[in-house]
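Q: Sharing a structure below in structure tokens format, with a few things to ask.
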Amino acid sequence: MCEALNNANSRPIESETIGRIGLVFLTSQGENPRRYLKIGFSGDFNTGTSLHVRDPSRTHFKLRFMNVGHGDCAILETTLTQRVGFIDLGSLNPSRFPLAIQVLSDAAKGREIDLVLSHYHWDHYSFLGSIGNPPLNRLIVPAIPLSAATESISKFFALADIAGYGYYRLLPKALMSASEVIAAHRAEPLNLLDLRCEVLWPDYSQSIPVIHSRVTKLHEKLMPIFAEAEKSLSIDDRQYFDKLVREISISLSEGRHYRDTTKKVSSRRSVDKLIPFLDKIEHHIKEIADYFSLAFKLDVENDESFGLFLGDCPSQVLGILAPPGGPFVLVKGAHHGTRYGNCLDPVQTIAEVFSRGPRTKRIHDGYLHCVEFQLFHSTDLHGDLVVSCNDPPATQVTLP
Ligand SMILES: [Zn+2]
């Protein structure tokens, strides 16, 4: 962990201290001069702020981080395609629901959606069922690199579908109805709306023993509970369950490149007997899913790093990953800013972005004292953040 933490001061850095000034990105010296030339910064801290990036590349895009309270939701639009991209799509704060759903539905209207689901916690997908069922074109999920984890999660999702269990019922539907499911991991190239991404985690080549043994233990604990739960299924439901588990595990581990329209996901079957089992299992599944949260870089042309997205990546992972490079225009803090690891110590960025609600735990000192940044943006304090690349805004700040 970086030196600065020894005399860390936990005072959050307010955006106001940076003020409405123009920012010129980071370095034009050194061995790797950066191409980002000018950054304008404008806006009202109560209603949201905008960061405008001028880049000599031809890439045009706009990324809007929504203030959804404790949760995560960003909208990505680019001139490269008609499709709209969402990077996570959820919130835990019901007071944020109506406004967020309105904005999201407007963005989705009549367009196909590419959705990055960083992991299977409902603060990241709870709006899935509320945006008017637009066609899900590509669903990008983290590949799950451990069969014990895949089996546990697939069985839980299949039972959740059969019982219509809470928000989890939305996941099997999304996994089965998307035209394509991409199980993203480090070794595979990834595109999001034709913008290139590089996945940092999950990584099949890197086993983290502490995670491996924890997941194996949880899996062993869960198997007898699943066996009991499966006894309450009718013969029909049992067949459906087996089929769904097979399909979901393939989607979670390898992805799926076509949709078999003959296979439909059921509507609620009201198998109430399953509920107590699901209640018992849910907590453990949340822990397993957390270990495989997607972390990736969003690039612009010529592989220039633009954004670093860390999902809810565990600190154990951020502690052992190789430094992600950069400098970045933006870094999205892991787990709403509460998780941090050594790989982030050398990171430089213009903006640190945190999607938070009033009761989210405090931001890790590493983001305040190790990462080098110019703008601190927390959605609960500062509202939405719009970051646009080569997209001329109405109130552009022009720099000397
Ligand atoms: Zn979360």
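Q: Tell me whether segment 337-359 contains one or more residues that are under 16 Å from residue 197 (Cβ atoms), among the hydroxyl-bearing types (Ser, Thr, Tyr), in contact with a Lys or Arg (Cβ under 7 Å, 6 or more places away or on another chain) and not in a helix (DSSP H, G or I).
A: Of the residues in segment 337-359, the ones under 16 Å from residue 197 (Cβ atoms) are none.
No - not one qualifying residue is present in segment 337-359.
Q: Which members of segment 336-360 meet the condition of being surrounded by fewer than 23 Cβ atoms within 10 Å (Cβ to Cβ) and either closer than 22 Å to residue 209 by Cα or of a type in the set (A, V, I, L, M, F, W, C) (or both)?
A: 341, 342, 343, 347, listed by residue number.
Q: Find the residue count for segment 280-295, including only residues that are more than 16 Å from the ligand (Cβ to nearest atom) and in contact (Cβ under 8 Å) with a residue 60 or more places away in the chain. I'd like the intermediate steps shown before the answer.
A: Of segment 280-295, the ones more than 16 Å from the ligand (Cβ to nearest atom) are 280-281, 284.
Restricting the remaining residues to those that are in contact (Cβ under 8 Å) with a residue 60 or more places away in the chain gives 281, 284.
So the answer is 2.
Q: Test each condition in (1) within 21 Å of residue 169 (Cα to Cα); (2) within 13 Å of the chain's Cα centre (by Cα) for residue 131 and report the one that comes out false.
A: Here residue 131 clears every test but (2).
Q: Before we move on, is residue 244 under 20 Å from the mean Cα position of the chain (by Cα) and either free of Cβ contacts under 8 Å to residues at least 60 places away in the same chain or crowded, with 16+ Cβ neighbours inside 10 Å (or both)?
A: On the way: under 20 Å from the mean Cα position of the chain (by Cα): no; either free of Cβ contacts under 8 Å to residues at least 60 places away in the same chain or crowded, with 16+ Cβ neighbours inside 10 Å (or both): yes.
It is false that residue 244 is under 20 Å from the mean Cα position of the chain (by Cα) and either free of Cβ contacts under 8 Å to residues at least 60 places away in the same chain or crowded, with 16+ Cβ neighbours inside 10 Å (or both).
Q: Sticking with this structure for a sec: If residue 100 satisfies all but one of (1) over 17 Å from residue 356 (Cα atoms); (2) free of Cβ contacts under 8 Å to residues at least 40 places away in the same chain; (3) crowded, with 23+ Cβ neighbours inside 10 Å, what's the number of the condition it fails?
A: Of (1) over 17 Å from residue 356 (Cα atoms); (2) free of Cβ contacts under 8 Å to residues at least 40 places away in the same chain; (3) crowded, with 23+ Cβ neighbours inside 10 Å, only one is false for residue 100: (1).
Q: Give the residues of segment 332-366 that are modelled with pLDDT of 95 or more, under 19 Å from the mean Cα position of the chain (by Cα) and away from the ligand (no atom under 16 Å from the Cβ), sorted by residue number.
A: Residues satisfying the conditions are 341, 343, 344.
Q: For residue 311, only one of the following conditions fails: (1) in a loop (DSSP other than H, G, I, E, B); (2) away from the ligand (no atom under 16 Å from the Cβ). What is its number?
A: In the conditions (1) in a loop (DSSP other than H, G, I, E, B); (2) away from the ligand (no atom under 16 Å from the Cβ), residue 311 misses (2) alone.
Q: Moving to a separate point now. Which residues, taken from segment 128-160, are surrounded by fewer than 19 Cβ atoms within 10 Å (Cβ to Cβ) and either among the polar types (S, T, N, Q) or within 16 Å of the ligand (Cβ to nearest atom) (or both)?
A: If we filter segment 128-160 for residues that are surrounded by fewer than 19 Cβ atoms within 10 Å (Cβ to Cβ), which is where we start, we get 129-130, 132-135, 137, 147-148.
Scanning segment 128-160 gives 130, 133, 137, 147.
Q: Of all residues in segment 101-127, how many are within 16 Å of the ligand (Cβ to nearest atom) and in a helix (DSSP H, G or I)? Give the steps one after another, and end with the answer.
A: Filtering segment 101-127 for residues within 16 Å of the ligand (Cβ to nearest atom) gives 115-127.
Next, from what is left, pick out any that are in a helix (DSSP H, G or I): 122-124.
Qualifying residue count, segment 101-127: 3.
Q: Which one is surrounded by the fewest Cβ atoms within 10 Å (Cβ to Cβ), of the residues in segment 79-97 that are among the hydroxyl-bearing types (Ser, Thr, Tyr) and out of contact with any Asp or Glu (no Cβ under 7 Å at 6 or more places or on another chain)? I'd like the intermediate steps shown before the answer.
A: Within segment 79-97, the first condition is being among the hydroxyl-bearing types (Ser, Thr, Tyr), and the residues that meet it are 79, 81, 91, 95.
From what is left, the residues that are out of contact with any Asp or Glu (no Cβ under 7 Å at 6 or more places or on another chain) are 79, 95.
Values: 79: 13, 95: 11.
Per the criteria, the residue is 95.
Q: When the residues of segment 298-318 are filtered to those that are of a type in the set (Gly, Ala, Ser) and over 22 Å from residue 360 (Cα atoms), which remaining residue is surrounded by the most Cβ atoms within 10 Å (Cβ to Cβ)?
A: Taking segment 298-318 and keeping what is of a type in the set (Gly, Ala, Ser), we get 305, 307, 311, 315.
Among the residues that remain, those that are also over 22 Å from residue 360 (Cα atoms) are: 305, 307.
On the way: 305: 18, 307: 26.
The qualifying residue surrounded by the most Cβ atoms within 10 Å (Cβ to Cβ) is 307.
Q: Report whether or not residue 370 is in contact (Cβ under 8 Å) with a residue 60 or more places away in the chain and either within 16 Å of the ligand (Cβ to nearest atom) or surrounded by fewer than 23 Cβ atoms within 10 Å (Cβ to Cβ) (or both).
A: Values: in contact (Cβ under 8 Å) with a residue 60 or more places away in the chain: yes; either within 16 Å of the ligand (Cβ to nearest atom) or surrounded by fewer than 23 Cβ atoms within 10 Å (Cβ to Cβ) (or both): yes.
Against the criterion (in contact (Cβ under 8 Å) with a residue 60 or more places away in the chain and either within 16 Å of the ligand (Cβ to nearest atom) or surrounded by fewer than 23 Cβ atoms within 10 Å (Cβ to Cβ) (or both)), residue 370 qualifies.
Q: Follow-up. Looking only at segment 319-335, which residues are surrounded by fewer than 22 Cβ atoms within 10 Å (Cβ to Cβ) and in contact with a helix residue (DSSP H, G or I) (Cβ under 9 Å, 6 or more places away or on another chain)?
A: 319, 320, 321, 322, 323, 324
Q: Only one of (1) modelled with pLDDT under 95; (2) closer than 14 Å to residue 155 by Cα; (3) of a type in the set (Val, Ile, Thr) fails for residue 211. Which number is that?
A: All conditions are met except number (2).
The values are calculated or read from the model by the stated rules, or taken from the named source; none is laboratory data. None of these values were measured; they are calculated from a predicted model. Glycine gets a Cβ as well: all are built from the backbone with ideal geometry, and neighbour counts include every protein chain shown.
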